[in-house]
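Heads up: the structure comes next, in structure tokens.
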There are 2 protein chains.
Amino acid sequence: MNKTIILEKRPVGKPQLSDFKFTDTELPQIGANEVLLKTSLVSVDPYLRGRMSDAKSYSAPFQLQKPISSGIVAEVMESNNAAYTKGDYVSGLLEWKEFQKSEGKRLLKVDAAKAPLSAYLGVLGMTGLTAYLGLTEIGKPKKGETLVVSGAAGAVGSVVGQIGKLLGCRVVGIAGTDEKAEMLKAKYGFDAAINYTTTSNMIEAIATACPDGVDVYFDNVGGEITDGVLANINQLARIIICGSISVYNETSVPMGPRVETTLIKNSALMQGFIVSNYAAKFPEAIIQLSSWLQAGKLTYSETIIDGFDQIPQAFIGLFEGQNNGKMIVKI
Amino acid sequence: MNKTIILEKRPVGKPQLSDFKFTDTELPQIGANEVLLKTSLVSVDPYLRGRMSDAKSYSAPFQLQKPISSGIVAEVMESNNAAYTKGDYVSGLLEWKEFQKSEGKRLLKVDAAKAPLSAYLGVLGMTGLTAYLGLTEIGKPKKGETLVVSGAAGAVGSVVGQIGKLLGCRVVGIAGTDEKAEMLKAKYGFDAAINYTTTSNMIEAIATACPDGVDVYFDNVGGEITDGVLANINQLARIIICGSISVYNETSVPMGPRVETTLIKNSALMQGFIVSNYAAKFPEAIIQLSSWLQAGKLTYSETIIDGFDQIPQAFIGLFEGQNNGKMIVKI
């Protein structure tokens, strides 16, 4: 018995439970140099929605009737590989299976003594790298500038805001409930927060929260929230397009105000950010993030769901605002 | 008698002759350190439309009932300034007047022996600087890449395409008539050209003209042409938003497909370009452009209209496709 989750159908619009299928596969037998891994923690992320479509994108689409993969922390159960010992924990891009084997090449050993294992999927994993490298490599925030973050209560957004504060910015977050907006200020130290669901005029709300205009915008959401921010950008503003959760489930390209004149008038830069393009910078970024984390300067939220069977629902929950911070399934 | 053109009304939509008014002012008397200038050549440019509105932008709006200014080449008629002698020609941002005085601070002496005077408003002036610096500073084209230029038969676009060829790119131009498309290939050496007015499917047309996709897009037009190009961009594409003539006269922000997912999927960069932000690079750019021009490697077109009274109509003509290359009024 080795439960596996495969992509049964490509989602149309919002993913449904019926897009996924549970199958049983054999327990793998490991060969020379291989390790047997038992899945401990599974990261579910909005970007996986893109890989479930077969449109051309930066990473290959998942194949139908094949396992889905995402960031996973796993325990080494058996090892024929000198680099790993039974009992080690590793992280990597692995399949949604209870057990799997690996040659160990793209695994990273993680240390439960230095940080909770789940942090290696979050603030010390892809989430933290995305926040840090997106903000610093494209956003290049300067002390005293104003940073706006959409999806600010999410796993990436909450780290972006804290890094913005550490770098000396005024930081304004946008989230979808009053509780989240309150948390941005109380827990993460944002200077101001906007609940977009109760805001009728985003342009005015951003203008009020950002009296000196917006210099850097870290966008996880897109759509009308972005329209409101763009109306308030300063000369030479930098806009990091990191995610677009508001449109991931659209079946046609959504329409919105054209951005060309806004970009020209403000000599502004807008750039799509994919963390894997910055792999050369991962080591230094991890050192910086670990140092902040150990100094107590970075905090994070997790929503942990229990049980392998809950992986598809946890993923779907991302599009229903069911997470505070990083969404993780614990096996 | 010193004819002057003032902004009578802010244009709504496309500019009209009635937005401008001719007045007579006194012939200026020059004081210490001043020069008296007689206007020889006036550059009319699409970006002036932006300054005729009072919206916040990168340069201050023109004031109502005050003279409009643009790039002008003028002859020095009298001089109390040691840097200038009667008979010199200068270029600068000057007012739409037959005669005006200046302290000479922001004037550049130009040499009619090295290039035709009109070139200092074009390929060796703001036009050439915009083409060269927009392409190299944001577009960063590499040998073998594909460059697409919209508004390619215009003053900036035709220079961009030629520089693209000099830098080793495959260059595809988009223009609005068959004659212009033909000229792009025959006169400017573009590899392919598309007449957008007779193209029903821009996405397919770009795909056909760019079998390896689009790496750099120099956009002077915006709107549906841009939509067609964006559907064909490659990973890490760079998009220079230099102009948006298709929407300058719109009275509300036009709608179009949202660009966020396209930018993310391709890790693409889109940046508004204003040449004045790159003033520190003007000297080296002028040296490069002069060197290419003198070596016969850069050619340019001009549409020269005769008579001070024709300035407003020449400006309006820009939005009616009446120019091939740089539109200049000769006094």
Among the chymotrypsin sites (Phe, Trp or Tyr not before Pro) in segment A:153-249, which ones are in a DSSP loop with at most 10 other Cβ atoms within 10 Å of the Cβ? Mind listing them? none
Here the Cα Rg-to-2.2 N^0.38 Å ratio for segment A:128-276 is 0.94
Rg/Rh for the protein assembly as shown to two decimals, with Rh computed the Kirkwood way over all alpha-carbon pairs. 1.06
Figure the gain on full extension for B:Lys281 and B:Lys114 (residue separation times 0.36 nm, minus the Cα-Cα span) and round it to one decimal in nm. 58.0 nm
Give the separation of the Cα centroids, segment A:173-247 to segment A:92-146, in Å. 24
Using just the helices of chain A, give the 222 nm mean residue ellipticity in deg cm²/dmol: DSSP H runs with n ≥ 4 each add -39,500 (n - 2.57), and the total is spread over all residues, rounded to 500. -6500 deg cm²/dmol
Debye, to nearest 20: dipole size of segment B:236-331, +1 on Lys, Arg Cβ, -1 on Asp, Glu Cβ: 440
Averaged over the residues of B:229-242, the number of partner chain Cβ atoms within 10 Å of each residue's own Cβ comes to 2
Long-range share for chain A, i.e. C-alpha pairs more than 32 Å apart as a percent of all pairs, stands at 30
When the C-alpha atoms of segment A:89-212 are aligned to their principal axes, what extent does each axis show, in angstrom, from largest down? 54, 30, 25
Which value in Å is the Kirkwood Rh of segment B:243-331 over different Cα pairs? 17.2
Would you kindly derive the ³J(HN,Hα) couplings of segment B:35-44 from the backbone phi angles with the Karplus curve 6.51 cos²θ - 1.76 cosθ + 1.60 (θ = phi - 60°), listing them in order in whole Hz, with x for Gly and Pro? 10, 9, 10, 10, 5, 9, 9, 10, 8, 10
For B:Lys140, place a label point 7 Å out from Cα along the Cα→Cβ vector, do the same in each other copy, and report the separations in nm, one decimal, smallest first. 1.0
Given A:Lys109/A:Lys165; B:Lys38/B:Lys66; B:Lys21/B:Lys97, the pairs whose alpha carbons are separated by over 23 Å: A:Lys109/A:Lys165
Whole-Hz couplings from phi, Karplus 6.51/-1.76/1.60, listed for segment A:291-297; x for Gly and Pro: 5, 4, 5, 5, 7, x, 8
Of the trypsin sites (Lys or Arg not before Pro) in segment A:168-213, which ones lie in a loop per DSSP and count no more than 14 other C-beta atoms within 10 Å? none
Which GluC sites (Glu not before Pro) in segment A:1-101 pass both tests, a DSSP loop state and at most 13 other beta-carbon atoms within 10 Å? A:Glu26
Between A:Ile194 and residues 5 or more places away or on another chain, which pairs have amide H atoms under 5 Å apart, with H built 1.01 Å from N, and which residues are they? A:Gly173, A:Ile174, A:Ala175
Please name whichever of A:Ala279, A:Pro257, A:Thr130 sits farthest to the positive end of the charge dipole of chain A, dipole taken about the Cα centre and charges placed at Cβ: Lys and Arg +1, Asp and Glu -1. A:Ala279
Can you tell me what share of the DSSP beta bridges in the protein assembly as shown is antiparallel? A percent to the nearest 5 is fine. 55
Taking only Cα atoms of segment B:44-94, radius of gyration then Dmax in Å: 14.6, 40
Estimate the FRET efficiency between B:Lys66 and A:Asn33 by the formula 1/(1 + (r/R0)^6), using the beta-carbon distance for r and 60 Å for R0, to the nearest 0.05. 0.15
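Bear in mind that the values in this text are calculations on the coordinates, not laboratory data. If you're wondering where the values come from, they're calculated on a predicted model, not measured in any experiment. Note that each Cβ is placed from the backbone with ideal geometry, even for glycine, and that neighbours are counted across all protein chains shown.
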